[in-house]
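Data block below; observations after.
The values are calculated or read from the model by the stated rules, or taken from the named source; none is laboratory data. Quantities reported herein were computed from a predicted structural model and do not represent experimental measurements. Glycine also receives a Cβ, built like all others from the backbone with ideal geometry; neighbour counts cover every protein chain displayed.
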Amino acid sequence: MSAGTEGAIEIRDLRVDYGDFVAVNEVSLSIPRGVVYGLVGPNGAGKTSTFKVLATLMEPTYGEVTVAGHDVLEATSAARRIMGYMPDMAPVPSDLKVWEFLDFHADTHAIGDAATRQVRVAECLDKVHLSDKRGAWCRALSRGQTQRLVLAKTLLHRPQVLILDEPASGLDPLSRRELRMTLQQLAKDGATVLVSSHILSELAEMCSLLCVMNQGRILSSGTADEVRRELGRSDRMLCVTMVENQDGLLTWLAAHDGVHDVERDGTEVRFGFKGDNSGQADLLADMVGAGLRVKTFEERGSSFEQILVEVAEGNREQ
Amino acid sequence: MTGTQANAANEPDPKAWPPAWKIWANPIFRRYCRSRLRPRGLSVWILLSLLISGFLFFMFRQASLRFERMDLVDAERTPLIALLIFQGIILFLLGTGQVAGGMTAESDEGVLDYQRLAPMSPLAKVLGYLFGLPIREYVLVLVTMPFSLWSLWRGEVPLNIALQLYGIFFTAGVMYHLTGLLAGTVVKNKRWAFLASMGVIFLLYTVIPQMAKFGLVYFKYVTIMPVFEECYPHLIPRDAQAAAETLQRILPSAKFFNLDFPQVVFTLLSQGVLIVTMMVMLWRRWRRSESHLLGKAWATVFFGWVQLVLLGNALPLIESGALFPSRGFNSFLGRFRIRGSWQPEPWEPVIMVGCYGVVTLAILWVMMLMVSPNAETRLRGWRRVRKLGQRRFSLIADPATAFPWMLLMAGMGSAGWFVFARELVESRWFAGQEVPTMALGAFALVMATGGLGFHALLEGRGPRASGMAVIFIGVVPIMVGSVLGTMGFSVVATWLLAISPVMAPMYASGVMMPMTDAGADIMRSLPRAFWFWQLVGIIMLARLMHGLRQSLRTIAKQADEEGKVLPDES
C-alpha cells in the first residue's frame with residue numbers, strides 16, 4: 001500500500017485485550033500529517049497500549065492501524081523504517097556512553113558510515129541540548145536527561161512519524177519548553193508527532209489537536225477548545241493584577257456574563273470564566289476598554305486539569 | 001494490500017544493510033564489541049585467563065618433564081586436555097550464561113524493544129546477539145590459544161586432529177550460546193534464563209550422555225565428547241596412545257545406518273541441524289514476537305529427523321552388542337575384554353524399547369507445545385484471514401490447528417519405535433524371539449492417547465486444563481503408585497502407574513516384549529492395566545477430539561459474529 005491522501009496515522013476499530021481486561025476499546029482515529037497530536041488520559045486510559053500497537057510492538061486483539069500508509073501488522077518493517085518510538089520511562093543501556101548509544105542506533109538504521117553517523121549524532125544531541133553529555137555514561141544521566149537522550153535516539157533516522165509516550169515526564173520547565181519547540185519545529189518540517197501525557201495542559205500548549213481517552217475509549221478529540229466544549233467543561237481560571245482600582249475590577253467582573261467565583265487575594269483577583277479562547281480575548285479587550293488599568297492577565301491552574309481530575313474521579317466512583 | 005506487497009514491505013531495504021553473514025559489520029555485534037571489550041574491564045579478565053592458562057601449561061609440562069621423565073614431545077602434549085577444559089569453562093559455561101543473562105537483561109531493561117524496532121533483518125539481529133554477547137569469552141579463549149597452539153605444534157599433534165577438535169569446540173560453543181539465547185528470549189526472568197541455560201549444558205554433559213547407554217546414542221553428538229574421544233589418543237603421551245586406541249575400538253563409533261562417518265562429520269551434522277533449528281526459532285521470534293517457536297512443517301521434519309538419527313545411530317550397534325547397557329557397564333568397570341559368553345540380560349530390550357517410547361513421546365510433547373495455537377491466536381488468525389480477504393488459513397499457519405501435524409508425528413514416532421523394538425528383539429542376541437506386528441498397534445495407541453489426547457486437550461481446552469491433566473493424570477499416579485509399590489502393593493501400583501501417559505511406553509514395551517523376571521502377579525496385571533487404561537484413553541481421546549472440533553467451530557463462529565470473518569473451517 002502506498003502512502004495516499006489519508007492521514008499520517010489511521011486507526012480503525014482498535015481493540016486491545018489483556019485476558020478479560022479491555023485496555024483499548026474500539027478506538028478509531030485519523031491523524032493528519034504535519035501536526036503535533038496529543039493523546040491524553042489518566043493512568044490506565046489505554047494510551048500506552050495504543051502506542052505499542054502503533055509502534056508495532058504489540059498485536060491488537062483486532063483493528064486496523066496504518067502509519068504513513070503502511071499497515072503495521074502486514075508491513076511491519078516498512079512502518080518501522082519511517083517511524084520513531086519513544087517509550088514511557090524510556091530506558092537506556094547501562095553499559096554504553098551517550099554517543100555510543102546514539103551511534104549504535106544510527107548504525108542499526110544504516111545511517112551512513114562512521115563519519116556520517118558522527119555528524120548525525122552531534123546534530124541530534126544538539127537538538128536536545130545534550131552535546132555536553134556526549135561522553136557521559138548513559139547510566140549517569142538524570143531522568144530528564146535520559147528522556148532527552150532517548151528523544152535524540154528517536155530523531156536519528158529522521159522519522160516521518162514520531163510516537164512519543166509521555167516524553168515530558170521528568171523534564172524541568174525549561175526542558176519542557178525546549179521539547180515543545182522541538183516538536184513543533186519537527187511538525188513544521190513535515191513530521192507527524194503523536195505524543196501522550198496525563199497532563200492535559202502540557203499537551204494543550206504543544207499540540208495542534210488533542211484526543212482525550214479514558215478506560216480504553218475516546219471521550220473527545222479535536223482542538224483544545226473543541227475538547228473543552230465537547231466535554232462540557234469550558235471553564236478556565238483567570239488571574240488579573242491591576243495597577244490600581246481593584247474594587248472597580250471586582251464590580252466590573254460581577255456584572256460581566258460568564259464570570260463566576262471571583263476572589264481577591266492580595267494584589268491578585270482570581271475568577272472562573274466560561275468561554276473559549278476568543279471569549280477570553282474579548283474579556284480582556286472589554287476590561288481595557290472599560291478603563292481598567294490591567295497590569296497582568298493570565299490563565300492559571302488550567303481547568304484542563306480539572307477535566308482530567310473529574311474523569312479520573314469518575315473512574316474511581318465506578 | 002496484497003500478500004505479496006505486504007511481504008515485500010516486511011523485508012528491510014536490502015541495499016541499506018550489509019549481508020547478515022558479514023558479522024563484523026553487524027551493528028549489534030559492534031555494539032557489544034564496544035561495551036564488552038573496554039580495555040579496563042577486559043584487561044583484568046585477560047590477565048586472569050593468561051595466569052590460569054599459563055599456570056596449567058607450565059605446571060603440566062614441567063611436571064611431565066621432571067617427574068614423569070617424559071621426552072619433550074610427550075611433555076608438550078600434557079597441558080592440552082587441561083587447557084581444553086579451561087577453554088570449555090570460558091566458552092561453554094561463562095559464554096552461555098552471558099548470552100542468556102545478557103538477553104534477559106536487555107528485555108528487563110526495556111532496551112530490547114529498540115532493537116525490535118530497528119529495521120535490520122531478523123537473521124542479522126540473531127547473529128548480532130549470538131556472536132556479540134559472548135565476544136569477551138571468545139577473546140579470552142583466543143588469549144589462551146597460544147599455549148594450546150604451542151602444545152599442538154611441539155607435541156606433534158596432527159593438524160587434522162587439532163582442526164577437528166577445535167572445529168567441534170567452536171560449533172558446540174555456538175550451539176550452547178544459541179540455547180542461552182533461546183532461554184533468554186523465552187524465559188522472562190533473568191536469573192531463571194541463566195540457570196536454565198547452565199542446566200541444559202550440565203545435563204548435556206552429565207545426564208544425557210547416559211541415555212546413550214540405553215540405546216539413545218544420538219544424544220552424545222550434541223556434546224564434543226565423541227570427537228574428543230576420537231582425538232584423545234593424539235592428545236596424550238605417545239606411550240599411552242596405543243592403549244587409548246585399543247580402548248577406542250571398544251567404544252561405539254559414529255555409525256549411521258552402517259555408513260561409517262568420521263565422528264567429526266556426524267557431530268557436525270547433528271549439531272548443524274540443531275543450530276539451524278534454533279536459529280529458525282529465534283528468527284521467527286524476532287520477525288514476530290507472538291510467533292510459535294517453530295513452524296508446523298519444520299517441527300514435523302525436525303521430529304522425523306530425530307527419529308531418523310535415533311534409529312540410524314542405534315541400529316548398527318545392535319549386532320556388536322555395543323548398544324546394550326550391560327555391555328557398556330562391563331566396559332566401564334574395566335572388563336575391556338568382553339567374554340565370548342556375554343549375553344544381554346532379558347530385561348534390557350524391555351527397558352530400552354520403553355525408554356525409546358518415552359523419549360519419542362516427550363519429543364512429541366515438546367513439538368506440540370511449540371506449534372499448537374491457543375484460542376486467542378486462533379481468533380486473531382481468523383480476523384486476519386478476513387482482513388486479507390481470504391477464506392481459510394494455510395495448513396502451516398500458526399493459527400491453524402496442529403492436529404494433522406501431530407497425527408503425522410505420532411505416526412512417525414510409532415513407526416520408529418516399532419522398528420527399534422523389532423530390530424533389537426529380533427537380533428542375534430535373542431534367538432527365536434520376535435515382536436508381534438500387533439506391537440505397532442500398541443505403540444500407535446500409546447502415541448494416540450498420550451500424544452494426540454494431550455494435544456486435543458491443549459488446543460481445545462487451553463493450557464490451564466492441560467496443566468491440571470499433567471499433574472493429576474501424568475504425575476500423581478506415578479507418585480502414588482511408586483509409594484504403594486514400595487509398600488508392597490505391587491498389583492495396585494501396577495494399575496495406578498498405568499494411568500500416567502509417561503509410563504505407557506514402558507507398559508507397552510513390557511506387554512509386547514518377552515519379560516521373564518517379573519513376578520507372576522505383575523505379569524498378570526500389567527497387560528490388563530495397560531489395555532484397560534488405553535481403552536479409557538481412547539474414549540477420552542474421542543471426547544477430547546469432539547471438544548476440540550467444537551472449540552474450533554465456536555472460535556470461527558465468534559469471529560463470524562464479530563463480522564470479521566467468512567466462516568469456512570471445520
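Here are the numbers:
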| read-out | value |
| --- | --- |
| Residues being closer than 18 Å to B:Ser35 by Cα and not hydrophobic (A, V, I, L, M, F, W, C) - total across the range B:109-131 | 7 |
| Tally of residues being of a type in the set (A, V, I, L, M) and surrounded by fewer than 22 Cβ atoms within 10 Å (Cβ to Cβ) across the range A:32-67 | 3 |
| Filter result (within 13 Å of chain A (Cβ to nearest Cβ) and either under 30 Å from A:Val67 (Cβ atoms) or in contact with a strand residue (DSSP E or B) (Cβ under 9 Å, 6 or more places away or on another chain) (or both)) within the range B:124-141 | B:Ala124, B:Lys125, B:Gly128, B:Tyr129, B:Gly132 |
| Condition check for B:Met175: assigned by TED's automatic domain parsing to the domain that holds B:Gly272, modelled with pLDDT of 80 or more, of a type outside the set (Asp, Glu) and farther than 30 Å from B:Pro344 by Cα | yes |
| Search result, residues across the range A:20-52 that are in contact (Cβ under 8 Å) with a residue 40 or more places away in the chain, closer than 30 Å to A:Met181 by Cα, within 13 Å of chain B (Cβ to nearest Cβ) and not aromatic (Phe, Trp, Tyr) | A:Thr48 |
| Every residue from the range B:112-135 that is surrounded by fewer than 21 Cβ atoms within 10 Å (Cβ to Cβ) and either small (Gly, Ala, Ser) or not in a helix (DSSP H, G or I) (or both) | B:Ser121 |
| Scope the range A:254-296; condition hydrophobic (A, V, I, L, M, F, W, C), touching a strand residue (DSSP E or B) at 6+ places or on another chain (Cβ under 8 Å) and under 25 Å from A:Ala224 (Cβ atoms); matching residues | A:Val259, A:Val262, A:Val269, A:Phe271, A:Phe273, A:Leu283, A:Leu284, A:Met287, A:Val288, A:Val294 |
| Condition met for A:Thr61 (within 10 Å of chain B (Cβ to nearest Cβ) and of a type in the set (Val, Ile, Thr)) | yes |
| Qualifying positions in the range B:155-192 - closer than 23 Å to B:Ile135 by Cβ and of a type in the set (D, E, K, R) | B:Lys190, B:Arg191 |
| Matching helices (runs of 4 or more DSSP H) fully within the range B:194-303 where at least 3 residues are surrounded by fewer than 16 Cβ atoms within 10 Å (Cβ to Cβ) | B:238-250, B:263-287 |
| Among (1) at the interface with another protein chain (Cβ under 8 Å from one of its Cβ atoms); (2) crowded, with 22+ Cβ neighbours inside 10 Å; (3) not acidic (Asp, Glu); (4) not in a helix (DSSP H, G or I), the one test that A:Gly84 misses | (1) |
| Total residues in the range A:107-136, condition under 27 Å from the mean Cα position of the chain (by Cα), part of a helix (DSSP H, G or I) and of a type outside the set (Val, Ile, Thr) | 10 |
| Residue within the range A:100-111 that is facing chain B (nearest Cβ under 7 Å), closer than 30 Å to B:Leu37 by Cβ and among the acidic types (Asp, Glu) present | yes |
| Selection from the range B:383-438 of residues that are hydrophobic (A, V, I, L, M, F, W, C), within 14 Å of chain A (Cβ to nearest Cβ) and in a helix (DSSP H, G or I) | B:Val385 |
| All positions within the range B:350-382 that are assigned to a loop (DSSP other than H, G, I, E, B) and touching a Ser or Thr at 6+ places or on another chain (Cβ under 9 Å) | B:Ser372, B:Pro373 |
| Residue check for B:Gly411: surrounded by fewer than 17 Cβ atoms within 10 Å (Cβ to Cβ), under 24 Å from the mean Cα position of the chain (by Cα) and within 25 Å of B:Ala297 (Cα to Cα) | yes |
| Residue match in the range A:59-74 (condition: among the small types (Gly, Ala, Ser) and touching a helix residue (DSSP H, G or I) at 6+ places or on another chain (Cβ under 7 Å)) | no |
| Qualifying residue in the range B:67-78 (condition: among the aromatic types (Phe, Trp, Tyr) and within 23 Å of B:Arg238 (Cβ to Cβ)) | yes |
| Test: residue in the range B:38-53 that is in contact (Cβ under 8 Å) with a residue 24 or more places away in the chain and over 30 Å from A:Glu100 (Cα atoms) | yes |
| Enumerated strands (runs of 3 or more DSSP E) restricted to the range A:183-272, each holding at least 1 residues that are among the β-branched types (Val, Ile, Thr), surrounded by 18 or more Cβ atoms within 10 Å (Cβ to Cβ) and outside the structural domain of A:Phe297 (by TED's automatic domain parsing) | A:192-197, A:209-214, A:217-222 |
| Residue in the range A:127-135 that is in the same structural domain as A:Thr48 (by TED's automatic domain parsing) and more than 30 Å from B:Gly41 (Cβ to Cβ) present | yes |
| The range A:67-78 - residue that is over 23 Å from B:Glu376 (Cβ atoms) and assigned to a strand (DSSP E or B) and, of those, nearest to the other protein chains (Cβ to nearest Cβ) | A:His70 |
| Any hit, the range B:477-487, residues being closer than 16 Å to B:Ala442 by Cβ, of a type outside the set (D, E, K, R) and at pLDDT below 95 | no |
| Output for the range A:87-99, where each listed residue is of a type in the set (Asp, Glu) and more than 8 Å from chain B (Cβ to nearest Cβ) | A:Asp88 |
| Only one of B:Val186, B:Val157, B:Val141 that is closer than 23 Å to B:Arg30 by Cα and not charged (D, E, K, R) | B:Val141 |
| Criterion violated by B:Gln98 - all others in (1) farther than 30 Å from A:Ala78 by Cα; (2) within 14 Å of chain A (Cβ to nearest Cβ); (3) modelled with pLDDT of 95 or more satisfied | (3) |
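Conditions (1) over 30 Å from B:Leu72 (Cβ atoms); (2) among the β-branched types (Val, Ile, Thr), marked per residue:
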residue: B:Lys220; (1), (2): yes, no
residue: B:Met225; (1), (2): no, no
residue: B:Ala243; (1), (2): no, no
residue: B:Gln271; (1), (2): yes, no
residue: B:Glu290; (1), (2): yes, no
residue: B:Lys296; (1), (2): yes, no
residue: B:Thr300; (1), (2): yes, yes
residue: B:Arg327; (1), (2): yes, no
